[in-house]
Amino acid sequence: MILLVIDTQNGITDERLYAFETFKENVKALLSAARENGVEVAYVRHDDGPGTGFSVGDEEFEIFEEFAPKEGERVFDKTVNSALHSSTGLADYLAEKCQRQIMVAGLQTNFCIDATVKSGFDLGYEIFVPEYANSTFDSDYMKGDVCYHYYNDFIWPERFARRITMEEAVNRLKAGGSGEQE
């Protein structure tokens, strides 16, 4: 198993997110459990391109300090919503490691998390989505809480991913990602 932390960048990791404090604490708990138990952590950053303020070299582009990668943890950059798009190199990297299970955390539920979950499903990965480890903003079309529950409670389970409790997520990571529960 790999813990994949998607788009937790300075420009969007803040109080505008639905259940921000819970999201923040859950991601930190996942990172801690993964690191303490030898489960690889990899990050993905979204690049909107030069001059957007959300690209390589911009402060908004950098990973949120409380989730910052440790030395040796891989960071993949993308210009599309799915972290598993062929342009990122992530799927090739996972294939080299014979890795078929991905625990997904990050931002935003209705954009890059949804695209990654569905792409991962299409590519044959077993996707795990811990509760309140993804979030999004209110939009003109849907409030953040409604959006979160729409994807986490209705769209992904039994279709594209296994939604799991934080307790199960941490136990999976404590088991070294093997899926064996303590």
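List of remarks:
- Think of it as helices only: each DSSP H run of n ≥ 4 in the chain is worth -39500 (n - 2.57), and spread over all residues that comes to -7500 deg cm²/dmol at 222 nm.
- Net dipole in debye of the stretch 68-143 [+1 Lys, Arg Cβ; -1 Asp, Glu Cβ; about Cα centre; nearest 20]: 100 debye
- Fraction of the pair-distance distribution of the stretch 52-147 above 22 Å, Cα-Cα pairs, percent: 34 percent
- Extending 7 Å from Cα along the Cβ direction at E96 and again at M142 yields two label points whose distance is 3.5 nm.
- Straight-distance candidates among the lysines for linking to K78, with alpha-carbon spacing under 21 Å and chain neighbours fewer than 8 residues away dropped: K70, K97, K118.
- Two-site label geometry, N37 and N10: point separation in nm, points 7 Å out along Cα→Cβ: 3.3 nm
- Comparing K28, K78, K97 in a Gaussian network model of the chain (Cα springs below 10 Å), the most mobile by mean-square fluctuation is K97.
- Residues with amide H under 5 Å from that of W156, placed H, sequence gap 5 or more: none
- Whether the stretch 26-103 is rounded, prolate or oblate, judged on the alpha carbon gyration tensor where a/c under 1.5 counts as rounded: oblate
- Over the stretch 106-162, the alpha carbon radius of gyration divided by the compact-protein estimate 2.2 N^0.38 Å works out to 1.05.
- Each label was represented as a point 7 Å from its Cα along the Cα-to-Cβ direction; for V75 and H149 these points are 3.6 nm apart.
- Under 5 Å from the amide H of R45 lie the amide H atoms of D7, F76, D77, K78, each residue being 5 or more positions distant or on a separate chain, with H modelled from the backbone and absent for Pro and chain starts.
- Reducing the stretch 1-50 and the stretch 97-172 to their Cα centroids gives an inter-centroid distance of 12 Å.
- The string of couplings for the stretch 8-13 from the Karplus curve (6.51, -1.76, 1.60, θ = phi - 60°) is 7, 9, 3, x, 9, 9 Hz, one whole number per residue in order, with x for Gly and Pro.
- For the chain, the convex hull spanned by the alpha carbon atoms encloses 111 Å³ per residue.
- Heavy-atom accessible area ranking, 1.4 Å probe, most first, across M142, M103: M142, M103
- Per residue, the stretch 1-86 exposes an accessible area of 46 Å² to a 1.4 Å probe, with every protein chain left in place.
- Each of Y150, Y141 has its accessible area taken with a 1.4 Å probe; listed largest first, they run Y141, Y150.
The values are calculated or read from the model by the stated rules, or taken from the named source; none is laboratory data. Bear in mind that the values here come from a model prediction, so they are computed numbers and not experimental data. As a convention, Cβ positions derive from the backbone with ideal geometry for all residues, glycine included, and neighbour counts pool all protein chains shown. Protein only, heavy atoms only, side chains kept; ligands, DNA and RNA dropped before computing areas. Shrake-Rupley method; radii C 1.70, N 1.55, O 1.52, S 1.80 Å.
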